[in-house]
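The values are calculated or read from the model by the stated rules, or taken from the named source; none is laboratory data. Since this is a predicted model, take the numbers as computed values, not measurements. For neighbour counting, all protein chains shown are included, and Cβ atoms are generated from backbone atoms with ideal geometry for every residue, glycine included. Surface areas here come from the heavy atoms of the whole protein model, side chains and all, with no ligands, DNA or RNA. Shrake-Rupley method; radii C 1.70, N 1.55, O 1.52, S 1.80 Å.
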Amino acid sequence: MGWTYIDGATRADVICELTRREDSHSVSAQVIAHALRGNVLWTVCVLTAKHDSAIAGLAAGQSTRFIGCNLLARDSTGWGYKDMAEAVHPYYYTCPLSYLDMAPEASHSWRAGVRAYHASGCRDVARQAADAALEQERSRAVQANACQAVTA
């Protein structure tokens, strides 16, 4: 989606905002790990449902985890952020490798890019690996749809 800027905020203010525990009437969110790589803040967040149906597929008291990618930037009013989750395949691959073991996989192709980035230290190689994995996922989806059409 878009960017959120906080009037008068410093970079540190935004990082504190993105890593603090939050509670609502239906969900609690807690960042259990975070790392800053340039102007990309990586997080591992635990979401806990406070009642049934607060989070799709979870009963009250159950939790899920996800990897967050928060881009940080400054405009004329202060610092802000753009938040994304692994599931949208952010085209940033500097996520700490240890985070991949802390949350269930939401994007195989993105994780392939993260692993390639760390193996080579080269962003271009990571993008090529992620694009190849994404193309494999698309091919499998097309084949699955073709098989369903033949059997229908």
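In segment 44-65, the residues that are of a type in the set (K, R) reach residues that are assigned to a loop (DSSP other than H, G, I, E, B) and surrounded by 17 or more Cβ atoms within 10 Å (Cβ to Cβ) with C-beta atoms within less than 6 angstrom, at least six apart or across chains, in these pairs: R65/A103.
Scanning segment 76-100 for residues that are among the charged types (D, E, K, R) and open to solvent by 20 Å² or more (accessible area, probe 1.4 Å) gives K82, D83.
Filter segment 1-32 for residues that are among the polar types (S, T, N, Q) and part of a strand (DSSP E or B); which is nearest to Q62 (Cα to Cα)?
Ranking the candidates gives S28 first.
Comparison of A73, A35, A103 shows that the only residue that is open to solvent by less than 60 Å² (accessible area, probe 1.4 Å), touching a Pro at 6+ places or on another chain (Cβ under 6 Å) and touching a residue at least 40 places away in the same chain (Cβ under 8 Å) is A35. For G57, the conditions (1) in a strand (DSSP E or B); (2) among the small types (G, A, S); (3) open to solvent by 60 Å² or more (accessible area, probe 1.4 Å) are fulfilled apart from (1).
Take the residues in segment 10-28 that are at pLDDT 95 or above, closer than 15 Å to D83 by Cβ and not basic (K, R); name whichever of them is least open to solvent (accessible area, probe 1.4 Å). Among those residues, the one meeting the criterion is V14. Selection of segment 68-87 for residues being aliphatic (A, V, I, L, M) and in contact with a Ser or Thr (Cβ under 7 Å, 6 or more places away or on another chain) yields only A87.
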